[in-house]
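One structure is given below, encoded as structure tokens.
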Amino acid sequence: MIPPLVYAAGIQQSLAEGIANKLGTIASPNQELNHLTHLYLSEAGLSFFHPEARSTNQFLIDFNSGSTGWRIKRANHEKLIKKALGRSEKPLKILDCTAGMLQDTLLFLSLGHQVTALEQSKILFYLLQDGISRSEDQSIFNQLDLKHMNACSYGSQAKNFDVIYFDPMYPLSKKNALSSGKLEYIAKILEVESLKNNPMHDFEVLQLIPAKKMIVKRPIKAESFSSQLNYQVMGKTTRFDIYI
Ligand SMILES: C[S@@+](CC[C@H](N)C(=O)[O-])C[C@H]1O[C@@H](n2cnc3c(N)ncnc32)[C@H](O)[C@@H]1O
């Protein structure tokens, strides 16, 4: 069930009502709802709060504060992704089946590729749209088509992709939940929307989409989804399994 959307002040009322309507929930000015699970619209943007999340901050997608930091911090990850994509003369058409916080999609876009990104969660989709609308760099999103959809239902429309990219959720251990409050928040959002993850099933469906290659991100020690993989690109904590 989608929680209520609380707005900070009257000035946000009509925007809040519009978003709440699309999400299928109510918009309310009642700040007493703020200690329960809720969405919140203020001048800072649209955010999500869950009282049981370890992070006491609201979960808000902000492409501005990370914009200089995200590439530097992820330089190693970027190297791995480049290796996984391989050399190409022209921009690739990539289907990111698991949009999440769009971090990997941002890397693809920054490398000049064209991305269709799919996110199954309605809440996350609206948080992303809000983050994109507040981004100071709109140009990076020119080659992005973000859709609210389960990737398994997109298969029949998926045409002419060079790369299918799949980065499913995996069970959060205490260690990685703590190190990534954001992933914990995504897990909470999926719980609230009763969205169950079935990565093995999704992999089997997505593998049928015609493309030059499929890249699957996995924790370094996790088993591969299939023994038919062609090669792997190894990082310290994650790896990419490549299926051609
Ligand atoms: C581990 S996160 C992906 C993180 C993302 N790669 C990033 O860089 O921010 C997995 C995300 O994929 C979404 N997801 C999982 N299975 C999906 C599916 N079959 N279709 C669409 N979205 C899916 C989840 O809701 C979650 O937001």
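FYI, it's all coordinate maths here, none of it is from the lab. Here the structure is a predicted model, which is why all the values come from computation and not from measurement. FYI the Cβ positions are ideal-geometry reconstructions off the backbone, even for glycines, and counts take in every protein chain you see.
State the three equivalent ellipsoid semi-axes of the chain, derived from the C-alpha gyration tensor as the square roots of 5 times its eigenvalues, in descending order and whole Å.
Working: eigenvalues 201, 73, 62 Å².
Listed largest to smallest, the semi-axes of the chain are 32, 19, 18 Å.
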Measuring from its Cα centre, the chain shows a charge dipole (+1 at each Lys and Arg Cβ, -1 at each Asp and Glu Cβ) which, in debye to the nearest 20, is 1060
For the range 19-63 and the range 179-244, compute the distance between their C-alpha centroids and round to whole Å.
-> 28
Using every pair of alpha-carbon atoms in the range 5-60, split the distances into 10 Å bins beginning at 0 and state the percent of pairs per bin, rounded to integers.
-> 26, 58, 16, 0
Ranking Ala44, Phe225, Asn21 by how far each Cα lies towards the positive end of the charge dipole of the chain (+1 on Lys and Arg Cβ, -1 on Asp and Glu Cβ), the top one is Phe225
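What fraction of the Cα pairs in the range 1-104, stated in percent, has a spacing above 22 angstrom?
Details: 2620 of 5356 pairs.
Counting pairs separated by more than 22 Å, the tail of P(r) holds 49 percent.
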Lysines near Lys182 by alpha-carbon distance under 20 Å, same-chain residues fewer than 8 away left out - which ones?
-> Lys73, Lys122, Lys174, Lys196, Lys217
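Would you calculate a helix-derived [θ] at 222 nm for the chain, using -39,500 (n - 2.57) for each DSSP H run of n ≥ 4 and dividing by the full residue count, to the nearest 500?
Values: 9 runs with 78 residues, N = 244.
Here the helix-only value at 222 nm equals -9000 deg cm²/dmol.
Find the eigenvalues of the gyration tensor of the Cα atoms of the range 42-171, then list the square roots of 5 times those eigenvalues as equivalent ellipsoid semi-axes, largest first, in whole angstrom. Could the numbers behind the result be given before it?
On the way: eigenvalues 122, 66, 43 Å².
Those come to 25, 18, 15 Å.
Using only the Cα atoms of the range 89-166, what semi-axes does the equivalent ellipsoid have when each is the square root of 5 times a gyration tensor eigenvalue? Give whole Å, largest first. Provide the component values of the computation, followed by the final result.
Values: eigenvalues 68, 60, 15 Å².
Over the Cα atoms of the range 89-166, the ellipsoid semi-axes are 18, 17, 9 Å.
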